[in-house]
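The values are calculated or read from the model by the stated rules, or taken from the named source; none is laboratory data. Please read all numbers here as calculations on a predicted model, not as lab measurements. Ideal geometry is used to build each Cβ from the backbone, glycine not excepted, and the neighbour counts take in all protein chains shown. Accessible surface is based on the protein model in full, side chains and every heavy atom, while ligands, DNA and RNA are left aside. Shrake-Rupley method; radii C 1.70, N 1.55, O 1.52, S 1.80 Å.
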Amino acid sequence: QAKKEARGGYRLVSMTDSRAAEDRLVLGSALRESLSRGMLQLHYQPQIEARTGEIYGVEALARWNHPTLGNIFPSRFIAVAEETGQIEAIGSWSLEEACRQLTQWDRDGVRIPVVSVNLSAGHFNNRGLASFIGGVLQKYGLSPDRLTVEITESVMMDESEETMKVLSSVRQIGVGLSMDDFGTGFSSLSRLTRLPLTEIKIDRSFIMNLESDSNAQAVTTAVIGIGNRLGMTVVTEGVETEAQYDLLESLNCDVLQGYLFARPMSAVELGGWMHQPRQLMSAMINQHDQRI
Ligand code: C2E
Ligand code: MG
Ligand code: MG
Ligand code: MG
């Protein structure tokens, strides 16, 4: 900003600046309204156990289809939610909605072991988080090991005693704790040992470059090794090709998530997916096993 002003002598408002400002105004209030009227949705993306091809769990991902503004990408409305102070409300809503859906699947005979929900940094400054989560689990009669919360590295970087307390209180009630998008932040591997994590998710950017980039492969190998050694489940996100699958399986990655298996889908679609393409999935795994 300062540079632009110095160089041009006038302030140049970039497209991205005005877009962001407009987003905050228009989308911010529309989002508030949609959220209060229960007009957001969750989609669910399956996570597959690499060894067996069985379902390990699903990740809940927020979706916003506004009646007049249309379908708004998560990257956009999540940013708006962060800037307009609504990200915690979205997380709390996601958590409750995912738990409600999980009991619905249980009743419908759709066997989903675990649901993962994305929470943001603000939640972990909140001393009441564990009791909020406990309350939701109780309301839906779910055992705590059916729920995992995903947090990004920036939350984990906050070494304040307060955050550490909240993290351990959540872990203490028996809910899984997953570090999302691992490798994109600056946390050190040694930090992993000090956090009460049950799971690490290696960021998609590493998986994307797995075949072409020996650095990405080195990092992925190291993180899988350390995660396994520390007794954590290692998940990779963004698995799109058979080649990536082959490589990740040979590296002993536990769980795979990505378009190769399934895109995020509505709860109803997931129910269908769970019944019908399971044979496809095991055929895929069999084929895969025969090749190696
Ligand atoms: P994330 O938690 O890392 O979620 C994974 C993202 O990768 C999802 O994007 C998913 O659709 C996408 N993805 C999965 N497999 C593949 C693949 O094979 N290829 C590619 N190219 N992409 C894949 P999505 O749904 O757009 O969500 C973006 C981000 O928004 C999420 O990243 C998460 O950080 C955030 N988000 C979504 N829902 C919530 C929520 O309820 N609360 C909070 N705080 N954040 C949310
Ligand atoms: Mg996530
Ligand atoms: Mg992720
Ligand atoms: Mg990601």
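Residue count for the range 213-235 satisfying the condition of being open to solvent by 40 Å² or more (accessible area, probe 1.4 Å) and touching a residue at least 40 places away in the same chain (Cβ under 8 Å): 0.
Can you pull out the residues in the range 168-184 that are within 11 Å of ligand 4 (Cβ to nearest atom) and either assigned to a strand (DSSP E or B) or open to solvent by 40 Å² or more (accessible area, probe 1.4 Å) (or both)? Answer for the range 168-184, where residues must be within 11 Å of ligand 4 (Cβ to nearest atom) and either assigned to a strand (DSSP E or B) or open to solvent by 40 Å² or more (accessible area, probe 1.4 Å) (or both): Asp180, Asp181, Phe182, Thr184. Listed by position, the helices (runs of 4 or more DSSP H) enclosed by the range 51-155 that each have at least 2 residues that are more than 19 Å from the chain's Cα centre (by Cα) are 87-108, 129-140. Does any residue of the range 190-199 turn out to be under 20 Å from Glu88 (Cβ atoms), open to solvent by less than 70 Å² (accessible area, probe 1.4 Å) and away from ligand 4 (no atom under 16 Å from the Cβ)? For the range 190-199, residues under 20 Å from Glu88 (Cβ atoms), open to solvent by less than 70 Å² (accessible area, probe 1.4 Å) and away from ligand 4 (no atom under 16 Å from the Cβ): absent. The residues of the range 230-251 that are more than 16 Å from ligand 2 (Cβ to nearest atom) and hydroxyl-bearing (Ser, Thr, Tyr), listed by number, are Thr241, Tyr245, Ser250. Criterion applied to Gly227, Gly185 was being in contact with a strand residue (DSSP E or B) (Cβ under 6 Å, 6 or more places away or on another chain) and either modelled with pLDDT under 95 or within 16 Å of ligand 2 (Cβ to nearest atom) (or both), and the one residue passing it is Gly227. Checking each residue in the range 52-82 for being more than 16 Å from ligand 2 (Cβ to nearest atom) and in contact (Cβ under 8 Å) with a residue 60 or more places away in the chain picks out Thr52, Gly53, Ile55. Scanning the range 238-291 for residues that are open to solvent by 50 Å² or more (accessible area, probe 1.4 Å), more than 23 Å from Phe206 (Cβ to Cβ) and at pLDDT 95 or above yields a count of 2.
Condition check ((1) open to solvent by 90 Å² or more (accessible area, probe 1.4 Å); (2) of a type in the set (Phe, Trp, Tyr); (3) at pLDDT 95 or above) across all residues:
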| site | (1), (2), (3) |
| --- | --- |
| Gly8 | no, no, no |
| Met15 | yes, no, no |
| Thr52 | no, no, no |
| Trp64 | no, yes, yes |
| Pro74 | no, no, yes |
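The single residue among Ser116, Ser160, Ser154 that is among the hydroxyl-bearing types (Ser, Thr, Tyr) and farther than 17 Å from Lys201 by Cβ turns out to be Ser160. There is at least one residue in the range 114-121 that is of a type in the set (Ser, Thr, Tyr), within 15 Å of ligand 2 (Cβ to nearest atom) and buried (at least 17 other Cβ atoms within 10 Å of the Cβ). Take the conditions touching a residue at least 40 places away in the same chain (Cβ under 8 Å) and within 16 Å of ligand 3 (Cβ to nearest atom) and apply them to Gly183. Does it pass? Criteria met by Gly183.
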